[in-house]
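*Asks:* There's a structure below that I have some questions on.
The values are calculated or read from the model by the stated rules, or taken from the named source; none is laboratory data. Just so we're clear, the structure is a prediction, and the values are computed from it rather than from any experiment. Note that each Cβ is placed from the backbone with ideal geometry, even for glycine, and that neighbours are counted across all protein chains shown. What goes into the accessible areas is simple: the full protein's heavy atoms, side chains included, and nothing from ligands, DNA or RNA. Shrake-Rupley method; radii C 1.70, N 1.55, O 1.52, S 1.80 Å.
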Amino acid sequence: MFTRTLDSESLHKFAAVEGLGSLTTEPLDMRLERITRLARRALNAGGVMVSWRDEGGGWLHCGSGPVERVASDAGDEPIWLEALRTQDQWVQRDEGSVPYLTAIRLVDSERNLVGALVLFDEAQNKRGKYDHDRLRDYAAWVETELRVQQLYRGQERLLEELYMARHQALKDHLTRLWNRHAMVELMARELQRAERQVIGTGLLIASLDQIDLGTQEPDEQTDSMLKTAADRLTTAVRPYDALGKFGGNEFLVMLPSCPAHAVIDVADRMLLNISAQPMDTPTGPMMLTMSMGTAHAGPNDRLDPENLIKAADVALARARESGGNTVVEAQPSDYKTG
């Protein structure tokens, strides 16, 4: 890293590019384009090019000004790289299609050669020691900017991986629906939002009548029944409803912005979807049916997710006791807030 005292003119020009430090969200090609454009102005060059090796080992070249005649093809190693392997700076005078060229090596944090900052002058204009010092300072700044970009991209990938890991942790491994933890979290947010509205939030808990997990060990057929039920329930809900596997044999559906009378309508539609056609099994076709309990939280009810779940669960128990394949609505006494 080169550190020198710059004159007021140089400081003014460098101030113009300092703002780039916060633009880490830019794609790399856009960032290189911005760097070369500002470098051309700050260093008073006829043209500027930055060549940079990406994480995959390929080369990206970006230029500002009339430098296309000497630009390497995308992905190719730049023509000046060999000279920079043994020296920090390489000057070419009166050769090739552009007669006056100055290249400064760019290195990574381990001082490995990873690129070049190249200036092209169409007319003869010798650059003295002062100009080369400024060029080196600018190259050091470019190195920092591109390292920051790489660091940001690494952090972005890590955040994406963490998001995906958390997302998977909130999914039921069998049905790929939201799990209990995710549903409670979603309900808590929705109930807070619903307090500002006048419609309220509906809740529905359903269980397959053909599975009794109290006495029946889970097996391949029960897994198949649960996955089939999950698929059929998914087609019966609105895009913004939340459907989750609540544990064992139970599914939970949260219905945002849903009036109390409409919750029963949604439950009836789900019953029809579940029993619309037989499910194929090794022993022959099997009809699926469900028992469902519903509950509703109005804007002034001040219920938390567990209150609402308990009320719907009580209603579900009544539906099971009545023989199944039916919907039962929670009664006012089922909502216990104490």
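*Asks:* Could you look at segment 266-327 and say what percent of its accessible area is carbon and sulfur, using a 1.4 Å probe and all protein chains?
*Replies:* Numbers: 1440 of 2990 Å².
Reported share for carbon and sulfur atoms: 48 percent.
*Asks:* A further question follows. Among the chymotrypsin sites (Phe, Trp or Tyr not before Pro) within segment 175-284, which fall in a DSSP loop and have no more than 14 other Cβ atoms within 10 Å of their own Cβ?
*Replies:* Values: sites: Trp178, Tyr240, Phe246, Phe251; in loops: Tyr240.
In loop regions of segment 175-284 (DSSP not H, G, I, E or B), the sparsely surrounded chymotrypsin sites (Phe, Trp or Tyr not before Pro) are Tyr240.
*Asks:* Roughly speaking, what is the stretch gain from Asp219 to Asp131, that is 0.36 nm per residue apart minus the C-alpha to C-alpha distance, in nm to one decimal?
*Replies:* Values: separation 88, 0.36 × 88 = 31.68 nm, distance 7.72 nm.
Here the segment from Asp219 to Asp131 would lengthen by 24.0 nm.
*Asks:* Please label the shape of segment 204-338 as rounded, prolate or oblate, based on the square roots a ≥ b ≥ c of the eigenvalues of the alpha-carbon gyration tensor (a/c under 1.5 means rounded; beyond that, a/b larger than b/c means prolate, else oblate). Spell out each step's value before the answer.
*Replies:* On the way: a/c = 2.10, a/b = 1.66, b/c = 1.26.
In terms of gyration-tensor shape, prolate.
*Asks:* At 7 Å along Cα-to-Cβ for each site, give me the label-to-label distance between Ala276 and Asp88 in nm.
*Replies:* Going by the 7 Å Cα→Cβ label model, 7.2 nm.
*Asks:* Follow-up question, since we're still on this one. Would you mind counting up the charge near Thr294? Only other residues with Cβ under 15 Å from its Cβ, with Lys and Arg at +1 and Asp and Glu at -1. Walk me through the intermediate numbers first.
*Replies:* Details: positive: Arg269, Lys310, Arg318, Arg320; negative: Asp241, Glu250, Asp265, Asp268, Asp301, Asp313, Glu329, Asp334.
Here the count lands on -4.
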